[in-house]
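The values are calculated or read from the model by the stated rules, or taken from the named source; none is laboratory data. Values in this document were obtained by computation on a predicted structure and should not be read as measured data. Positions of Cβ are generated from backbone atoms using ideal geometry, with glycine treated the same way; all protein chains shown enter the neighbour counts.
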Amino acid sequence: MLGQILVSGITAGAVYALVALGFVVLHRGTRIVHFGLGDQLTLSAYLVVIGQVYLDLPFAAAVALSLLLSAGFGVLVERAIMRPLRASPLLVMVIATLAIGAAIREGLRASMGPLPWPIPFLLTPAPFTLGGLVLVPANLAVVGVAAVVVLALFLALRFTRFGRAIVAVYENPTGAAIVGISVPAVHARLWGLASVLAAIAGIMVAPLITLSPDMGSIGIKGFAAAVLGGFNSLPGAIAGGVLLGVVETAAGVYISSAMKDVVSYALLIGCVLLLPHGLFGRAEARKV
Amino acid sequence: MPRALLLLALAGLVLLPFQAPSHITYLVALIGTTTVIVAGLAIVVGLAGQISIAQAGFAAIGAYGSAQLANWYGLPYWLGLPAAALVAALVGYLFGLLSLRVADHYLALTSMAFCAILQLLLVHLEDWTGGAVGLAVPPATLGGFTLDKPVQLYAFIMPCAVFATWLLNSLRHAKLGRAFAALRMSEVGAAAVGIPVLHHKALAFALSAFLGAWGGGLFALQTTYLDPAQFGILESVRLIAIAVIGGLLNPLGPAIGATIFVLLPEMMGGFGRYMTLVFSLALLACLVLAPAGLGGVVHRLWKRA
């Protein structure tokens, strides 16, 4: 039983971890928590459906198109909305990101209809048994893809110019600007990167749950994972995601499946109150 | 705005139900209900500068609370509504106390999770709330009369809306409102001049929850049927949009925003399904181009003329 909970929990956790990474990647560089990221997840999954159904693209091409458009969307949001709001109070930026999410959700609802869409997946959802554990190939693929994406992200941050500029802005925006890194360009890059991470999560999670305009509410799970991980630590976001997935699955088994979501939201509130720096985050000095 | 114009508007509100068809009366009363809920949001977000994505949750407490007090104990609305609103205010105060430890994004997240939990409880505590199916609201009775016609509800709701607007306006110049404003400008600064920060944060949340629940109770009377889907995070975001588009610091802002959000979808007819999209985009445009809200725009035009 415990093993089964771990397996199912890690599948859910892998998706949460990707969403949480999206939040943290963006927040560390721009100080913005993007409340519409959950809805960008939905948008990207819909883009795959649109590519397949309306443009007759094969699955892989539709995914590639969706990732590309998602990245472009992120950059566009930064340029058109967040950059002009750069100097406004935090409250305004929070409301702006909420509005971005609402616009995506309602745009999808109006254009694609409120009903769920079928979205195909490459691997079969038929389960097989291995050593007493029920495993689903599609779920294993989710974990595998998430692991590869995370690895690629860390390698990119460490070894490419693209990534090192991001890390420099993370560490010290002023210093980065002095050595010739364009901070606004890095911000646009971070928006694109966060959007792509959300897109991958969205495309993977859509076949497992149902693809409807309201799928974006999974974004709150991503928040909870990011908060558990401290909101400023990338490895923390991953650990937080997996932890949340496991706790949630366990709550579904031992308490009731109806209370599963209540448990993860309560975990979010509890963690904010008792462990504001999460399990892995560092305390940050606050300027007054 | 000149006093004469306000008096004229008030006179219009009094005369309206005698002239207008009952559908219009219903719509204007709906504007009134929304104004009360959003006025609460204007206190906590506008005056005190604390982000709250929980206003729909507080409205739910008022709506479900007053309805169930009537269903279970036969408590009349003029008692049940204030009771539910007081409970909501207490919950709001406690929530505000928790907010000592959190600020900014974390406050937004916490209030969001709080609202989500309330909505999930509405769905899953079926014995108490009617669950996902919804809950029928018994009509209000007052001294043997049953308030169920749009005109009667109008007469009950509009004074509440006017009172909420008046409260918002007088709060700005009252000691409490100035303390809220200090909080918004700088918490450290407010503490330095001797304002008990935590107590005032909690008070702002309590006031906002009180008005939110009051408006929610009025809303329940109007719709006569409650659906948990009406009280989620999305609704909270819609309420924030109304507050921002109306103008966060304008005492007439909630009324302006509510008027736009209630009347426009009515007038657009077939474009109805695009309305929420249009509002979201309008909100973004408003933030980027006119951060003081439409109320602010009107105010500026007024000054210029």
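Look at the range A:1-19: where a residue is more than 21 Å from A:Gly38 (Cβ to Cβ) and modelled with pLDDT under 90 and a partner is among the hydroxyl-bearing types (Ser, Thr, Tyr) and in a helix (DSSP H, G or I), sitting 6+ places away or on another chain with Cβ atoms under 8 Å, you get A:Ile5/A:Thr249; A:Ser8/A:Thr249. For the range B:55-73, check the following and say yes or no: at least one residue is hydroxyl-bearing (Ser, Thr, Tyr) and buried (at least 18 other Cβ atoms within 10 Å of the Cβ). Within the range B:55-73 (the criterion being hydroxyl-bearing (Ser, Thr, Tyr) and buried (at least 18 other Cβ atoms within 10 Å of the Cβ)), the answer is yes, since at least one residue qualifies. Restricting attention to the range A:212-240, the residues being surrounded by 24 or more Cβ atoms within 10 Å (Cβ to Cβ), more than 13 Å from chain B (Cβ to nearest Cβ) and either under 22 Å from A:Val262 (Cβ atoms) or modelled with pLDDT under 85 (or both) number 2. Scan the range B:71-111 for residues that are more than 14 Å from every other protein chain (Cβ to nearest Cβ) and part of a helix (DSSP H, G or I) and the total you get is 19. Within the range A:70-78, identify whether any single residue is part of a helix (DSSP H, G or I), without any contact (Cβ under 8 Å) to a residue 40 or more places away in the chain and surrounded by 16 or more Cβ atoms within 10 Å (Cβ to Cβ), and answer yes or no. Checking the range A:70-78: not a single residue is part of a helix (DSSP H, G or I), without any contact (Cβ under 8 Å) to a residue 40 or more places away in the chain and surrounded by 16 or more Cβ atoms within 10 Å (Cβ to Cβ).
Filtered by the rule that a residue be more than 14 Å from chain A (Cβ to nearest Cβ), loosely packed, with under 14 Cβ neighbours inside 10 Å and small (Gly, Ala, Ser), the range B:177-206 gives a lone residue, B:Gly194. Put simply, of B:Phe58, B:Phe114 the only residue that is in a helix (DSSP H, G or I), over 13 Å from the mean Cα position of the chain (by Cα) and within 28 Å of A:Thr97 (Cα to Cα) is B:Phe114. Here is a list of conditions, (1) under 20 Å from B:Pro254 (Cα atoms); (2) more than 11 Å from the chain's Cα centre (by Cα); (3) surrounded by 24 or more Cβ atoms within 10 Å (Cβ to Cβ), and B:Gly40 meets all of them except one; can you say which number that is? (2) is the only condition that B:Gly40 fails. Residues in the range B:219-275 that are within 13 Å of another protein chain (Cβ to nearest Cβ) and charged (D, E, K, R) were compared, and the one that is surrounded by the most Cβ atoms within 10 Å (Cβ to Cβ) is B:Arg238. Of the listed requirements (1) in contact with a Ser or Thr (Cβ under 8 Å, 6 or more places away or on another chain); (2) surrounded by fewer than 23 Cβ atoms within 10 Å (Cβ to Cβ), B:Ala161 misses just one: (2).
For the range B:198-220, residues that are in contact (Cβ under 8 Å) with a residue 24 or more places away in the chain and over 15 Å from the mean Cα position of the chain (by Cα) total 5.
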